[in-house]
Every structure is written in structure tokens, then in C-alpha cells.
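Student: Following this message is one structure expressed as C-alpha cells.
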Amino acid sequence: MKRNIATIVEHYLVAALWSNNIDDKSVKVDVASEAILNAILQVQCFLGAALPLLTEEWTDEQIGHDLWLTRQGHGAGFWDRGLPNGDKLTELCKMIEFHGEVYTGDDEIVHIDGSEAPLDLFANYELLPQEIQDVLKECEEFEDTYEDCDKLVAKLEAVGYTCDYYLDASPFHLRINEKPIFEGFDEPPMLSS
């Protein structure tokens with residue numbers, strides 16, 4: 001089932017605001033761009049492993065809310081809805097717990113402080129769908145060169161995933177390859193390629 005990443009990210013941020021008593025703010029206008037970009041990356045990486053577990057019973061709004069609440073360790077989350085795979089989704093979230101802070105800065109913009117890395121799907125490739133695992137196995141013999149990194153990205157993009165790579169040609173941030181487009185924006189804030 002295709003998911004609307006923009007909706008998931010929006011509700012992830014709504015839950016962040018609501019659970020921190022900042023529910024009178026607008027996600028689209030008052031949240032720092034860095035926080036939005038981090039939320040997008042967190043959702044993309046989480047979905048990279050979670051998509052096979054998210055049956056049609058799960059709405060995009062529920063996924064966004066429960067991802068935030070479960071990562072934060074709130075008393076609600078994936079496990080308590082009685083929907084399929086709630087416990088497995090909760091286990092994924094335990095791999096990416098959030099221990100930062102959500103606050104309104106002097107600039108009147110909401111910031112989410114905490115640089116927790118998103119779910120590392122290269123280190124946890126067994127969580128990926130078999131098709132993606134096969135691509136990674138096929139590329140195991142690649143050298144750490146830009147050319148091989150470009151080949152890896154091309155192979156991943158052919159199956160709906162992507163990654164970035166460092167200057168030393170080490171790949172990172174394996175995730176689904178979909179940029180959310182938020183209502184009222186042509187592209188997410190500060191996201192262009």
C-alpha cells in the first residue's frame with residue numbers, strides 16, 4: 001500500500017507539538033526547517049523497514065502519531081491500537097528512541113533538539129524487504145568509490161529506495177525514495193535536489 005509521507009511527517013510533528021504542550025502552533029509555518037528535515041528523514045528510514053508491517057488498517061495519521069509517541073516512550077503508541085504488527089513496529093521504534101527536547105525558541109519557532117540518528121538500515125538490513133536485501137548483497141563487492149556509490153544509488157532507486165554517501169564514499173541514510181510534498185509548498189522546506 002502506498003503511503004503519503006507528507007501526512008505521516010505532518011502527524012509525527014503534530015504529535016511532537018501536542019505531547020509537549022505546543023499544540024497551538026502550525027507544523028508548516030512555525031517548526032524549524034531543521035526539525036522538519038530531520039522528521040522527514042526519520043520517517044523515510046522508519047518506513048524503509050516498516051512498510052511491510054503497515055497493513056491497510058493503519059492510517060498515515062496513526063503512523064505519524066504513533067511513531068513519535070512510541071519513540072518518546074509515551075504511554076501510547078503502535079502497541080496499543082490493537083492493529084496488526086503493533087508489537088513489531090514498537091520494537092523498531094526501540095531501535096531509534098528519542099531523548100531530545102521540543103521547545104519554542106526566542107525566535108518563536110519550534111525546535112526539536114536531539115540529533116538521534118535515524119534507523120540505520122545498512123546496519124539492520126535484515127529489517128528490509130527481501131528485494132532490497134538482494135540489492136545490497138549484489139553490491140557487497142563494490143569498492144568505496146563514487147562510481148560504485150552511484151551504481152548502488154541507481155540500483156536502489158530502481159526499487160524505490162535511495163541513500164546518501166560521504167566524501168569517503170561510505171553510504172549512509174538508506175531510506176525509501178520519496179520526497180513528501182506538503183500542501184501549500186512545491187517542495188518541503190529546504191529540500192531540493
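Student: Angle check, please: helix 146-157 long axis (alpha carbons) against the longest principal axis of the chain (alpha carbons), in degrees 0 to 90, nearest 10.
Tutor: Orientation of helix 146-157: about 60 degrees from the principal axis.
Student: Now for a different question. Which of the trypsin sites (Lys or Arg not before Pro) found in segment 72-168 are loop residues per DSSP with 15 or fewer other Cβ atoms within 10 Å of their Cβ?
Tutor: Those satisfying the criteria are Arg81.
Student: Could you give the distance between the Cα centres of segment 45-86 and segment 116-177, to the whole Å?
Tutor: About 24 Å separates the Cα centre of segment 45-86 from the one of segment 116-177.
Student: Using helices alone, I'd like the mean residue ellipticity at 222 nm for the chain: each DSSP H run of four-plus residues gives -39500 (n - 2.57), total over residue count, nearest 500. Write down the numbers at each step before the final one.
Tutor: Working: 7 runs with 79 residues, N = 193.
Value at 222 nm, helices only: -12500 deg cm²/dmol.
Student: In whole angstrom, how long is each semi-axis of the equivalent ellipsoid of segment 125-174, when you take the square root of 5 times every eigenvalue of its Cα gyration tensor and sort them from largest down? Spell out each step's value before the answer.
Tutor: On the way: eigenvalues 60, 23, 20 Å².
In descending order, the three semi-axes are 17, 11, 10 Å.
Student: Regarding segment 26-162, what are the three Cα extents along the principal axes, ordered largest first, in Å?
Tutor: 48, 39, 22
Student: Mark the label point 7 Å from the Cα of Leu83 along Cα→Cβ and return the residues of segment 59-74 whose backbone N is within less than 14 Å of it.
Tutor: Backbone N within reach: 59-70.
Student: Pairing the Cα long axis of helix 5-18 with the longest principal axis of the chain, what angle in degrees results, from 0 to 90 and rounded to the nearest 10?
Tutor: Computed tilt is about 40 degrees.
Student: Oh, and also: Take the cross-link list Lys94/Lys137; Lys2/Lys137; Lys151/Lys179; Lys2/Lys88; Lys155/Lys179 and give me the ones stretching past 24 Å between alpha-carbons. Kindly include the intermediate steps, with their values, before the conclusion.
Tutor: Numbers: Lys94/Lys137 26 Å; Lys2/Lys137 26 Å; Lys151/Lys179 21 Å; Lys2/Lys88 20 Å; Lys155/Lys179 18 Å.
Cα-Cα > 24 Å for Lys94/Lys137; Lys2/Lys137; rest within.
Laboratory data are not the source of any read-out in this text; all were calculated from the coordinates shown. It should be emphasised that the depicted structure is a prediction, and the values quoted were computed from it without experimental measurement. For neighbour counting, all protein chains shown are included, and Cβ atoms are generated from backbone atoms with ideal geometry for every residue, glycine included.
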